[in-house]
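Trainee: For reference, the structure I am asking about is given below.
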Amino acid sequence: MDKRFYIPIAAIVILVVYGGYRYTSLVKVKNATQLELASTTVALEGKTKTLVEAQNNNLDLLAKLEGELSRNNAFEQQLNSISSTVGLLDKLSKTDKELLQKYSKVYFLNENFVPSALSDIDASNLFRKDKPEKIHTSVLPYLNRLLAAASQESIPISVLSAYRSFGTQTTLKAAYKVTYGAGTANKFSADQGYSEHQLGSALDFTTPTAGVTLTNFDKTSAYDWLTKNAYKYGFILSYPKGNTFYQYEPWHWRFVGVELATKLHADNLSFYNMDQREINKYLVKIFD
């Protein structure tokens, strides 16, 4: 054989051997890579499963947390409701329950009743400067604001009389009977125990022209102003025209709280024609 053929054959043999070696190496690498990928895949699947389980656990915990929060909120609302109720009951216990009762010829006010606290009305707001007058301490700020508002509009309003004790009303009624006769006195003056004045939250207004006799008070600018504005400060006219308790007394005003006074004014209602059970609902807010 020609020697020229030995070299190519040898080269081919070498290439085949090398190719086989490379192939074998690549197969080993491939197999190793596949094994590694398989292992990694299993690991990832395991981690994914763990992650899903963790997420599910988190969702369960979140649901439980939301449930607990919901129960806590409900419990807090119950506590707030109980606290509010206790607060209202405490507030009511400190408020004279008689302040919104109908005492004129309907209920008798005990002769021993005295308002929980009384304060002097400033002499500058009195018609008779030398005759001190008192009013329920909690009502005084409302009265002062009413009189200040009227003064700012140049409306002359003064207090003629305010709180009267059971004994004072007894003496006053006896004097009226002597002066006007029992029949006439009963039309405009309450017997002791039936007067709103004993509550300490009712008073009689007057003006320089109406004076002590209160003549034509309902013809004054003061009366007109009161009918339009007194409710803003919690005051109402106790005995309007047509009432069946006493004669029309345009000068006699009673504090019942801003909320109730506003309702009576807006609905054009009379205090004494309103159901007592409905009135009682406003007692807790009388000084709000």
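Bear in mind these aren't lab numbers, they're just calculated from the coordinates by the rules spelled out. Keep in mind it's a predicted model, so treat the numbers as computed, not measured. Reconstructed Cβ throughout: ideal geometry from the backbone, glycine too, with neighbour counts over all protein chains shown.
Trainee: Per residue of region 120-132, what does 6.51 cos²θ - 1.76 cosθ + 1.60 with θ = phi - 60° give for ³J(HN,Hα)? Whole Hz please, x for Gly and Pro, Karplus curve as stated.
Mentor: 6, 7, 4, 4, 5, 9, 9, 6, 9, 4, 8, 10, x
Trainee: Rank the residues SER138, SER151, SER270, SER39 as a footprinting-exposure proxy: fewest other Cβ atoms within 10 Å of their Cβ go first.
Mentor: Result, fewest neighbours first: SER39, SER151, SER270, SER138.
Trainee: Okay, moving on. Going 7 Å from the Cα of ALA123 toward and past its Cβ, which residues in region 139-167 have a backbone nitrogen under 18 Å from where you end up?
Mentor: Inside the label zone: 158-162.
Trainee: Simple spin-label model, 7 Å along Cα-to-Cβ: TYR107 to LYS228 in nm?
Mentor: Here the answer is 3.4 nm between the modelled labels.
Trainee: Just flag the trypsin sites (Lys or Arg not before Pro) in region 209-278 sitting in loop per DSSP whose Cβ has no more than 12 other Cβ atoms within 10 Å.
Mentor: Qualifying residues, ordered by number: LYS241.
Trainee: Let me ask something additional. Could you tell me, in Å, what Rg and Dmax come out for the Cα atoms of region 97-285?
Mentor: Every Cα atom of region 97-285 included, Rg and Dmax give 15.5, 41 Å.
Trainee: Which of LYS102/LYS232; LYS97/LYS134; LYS219/LYS285 have a Cα-Cα distance over 30 Å?
Mentor: LYS219/LYS285
Trainee: If you don't mind, there's one more thing I want to ask. Hey, any idea what the orientation-averaged projected area of the convex hull of region 209-288's Cα atoms comes to, in nm²?
Mentor: On the way: hull surface 22.3 nm².
Averaging across all directions leaves 5.6 nm² for the Cα convex hull.
Trainee: Find out how many positive minus negative residues lie around SER158, taking Lys and Arg as positive, Asp and Glu as negative, among other residues whose Cβ is under 14 Å from that of SER158.
Mentor: -1
Trainee: LYS134's amide H: which non-local residues (gap 5+, or another chain) put their own amide H closer than 5 Å, with H modeled 1.01 Å from N in plane and none for Pro or chain starts?
Mentor: The answer is ILE121, ALA162, TYR163.
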